[in-house]
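Have a look at the structure below before the remarks.
We did not get these values from a lab; they are worked out from the coordinates using the rules stated. Just so it is clear, the structure is predicted and the values come from calculations on it, not from any experiment. Glycine also receives a Cβ, built like all others from the backbone with ideal geometry; neighbour counts cover every protein chain displayed.
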Amino acid sequence: EEKGEEKPLFLPAGTKLVVRLDGGLGTPTLRANNQDVDFQPVAGGGHQVELALTEGEGVSVRQFGREVASWPVRLVPDQPPGIAFRTPPSATERNALRIDYTGADDYGIHAVTATVTLATDLPLGLDKVPFDLPLPVPAKNKREITGTGYHDLSGHPWAGRPVTVRLRATDGAGQVSQSAEQAITLPERHFNHPVARAIIEQRK
């Protein structure tokens with residue numbers, strides 16, 4: 001196969017390229033991202049360079065005035081991940097908050113969180129700052145995933161109050177996407193004893 005017929009390597013934009021070269025005379029130079037980058041000496045001999053590929057249509061290595069290797073490259077834009085509720089947030093029989101989600105990304109989702117925001121007023125002195133709940137990611141290298149998270153918030157000061165929940169997904173390139181909000185009343189413990197019920201009402 002002649003050089004002009006080489007099939008290009010299709011890589012996601014931002015791919016980290018690491019090239020090591022042993023032997024030869026002089027400091028090698030990497031041609032990538034439409035610029036030249038010098039290799040650095042490494043312990044034990046040889047030279048190495050690494051960088052993220054962001055533009056251009058090829059990568060080549062030159063040393064002592066000649067090209068020693070080259071690869072045609074086509075960079076594919078890495079789209080932000082998609083994230084959505086698979087079913088609305090709900091309360092389990094044990095008063096835990098259940099969150100079902102579905103997500104998709106070209107190269108895998110690395111993290112999913114749910115942000116809980118208060119949707120009503122609170123008595124003075126109680127914290128009203130939204131908080132994040134980490135959700136399990138079943139497989140970080142799959143294009144499409146589904147997951148379920150359980151969080152016991154029945155002892156939280158917001159228990160029994162209306163909130164909104166928004167999902168956030170992060171892919172390997174650090175790109176972040178958010179879902180639409182879903183409303184729910186946070187699950188709370190149910191007490192039969194009248195004194196315990198009165199204390200809970202006073203806390204509210």
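What to note about this one:
- For the chain, adding -39500 (n - 2.57) for each run of n ≥ 4 DSSP H residues and dividing by the number of residues yields -1500 deg cm²/dmol at 222 nm.
- With a cut-off of 14 Å between beta carbons, the residues surrounding Q35 carry a summed charge of -2, where Lys and Arg count +1 and Asp and Glu -1.
- For the chain, averaging the sequence separation of C-alpha pairs within contact (under 8 Å, six or more residues apart) and dividing by the residue count gives a relative contact order of 18 percent.
- For the chain, the mean projected area of the C-alpha convex hull, equal to one quarter of the hull surface, is 17.9 nm².
- Whichever aspartates and glutamates have a C-alpha closer than 14 Å to that of K16, once near sequence neighbours (fewer than 8 apart) are set aside: E50, E55, D78
- Within the listed set R66, R94, R31, the residue fluctuating most in the Gaussian network model of the chain (springs between alpha-carbon atoms under 10 angstrom) is R66.
- Computed over segment 1-99, the P(r) tail beyond 21 angstrom holds 52 percent of alpha carbon pairs.
- For L17, the amide hydrogen comes within under 5 Å of the amide hydrogens of L51, A52, L53, counting only partners 5 or more places away or on other chains and with H modelled in the peptide plane.
- For segment 55-81, the residues whose backbone nitrogen is under 15 Å from a point 7 Å from the Cα of K7, taken along Cα to Cβ, are 72-74.
- Build a GNM of the chain with springs between Cα atoms under 10 Å apart, and of S177, S154, S60 the one that fluctuates most is S60.
- Note on V129 and R62: the model spin-label points, each 7 Å out from Cα along the C-beta direction, lie 5.4 nm apart.
- Table column - 3J(HN,Hα) (Hz), segment 126-136, Karplus curve with 6.51, -1.76, 1.60, x for Gly and Pro: 8, 5, 10, 6, x, 9, 9, 10, x, 10, x
- Amide H to amide H distances under 5 Å link A111 with T170, where only residues 5 or more positions off or on other chains count and H is placed in the peptide plane.
- Most mobile of N34, N141, N95 in a GNM of the chain (Cα contacts under 10 Å): N34
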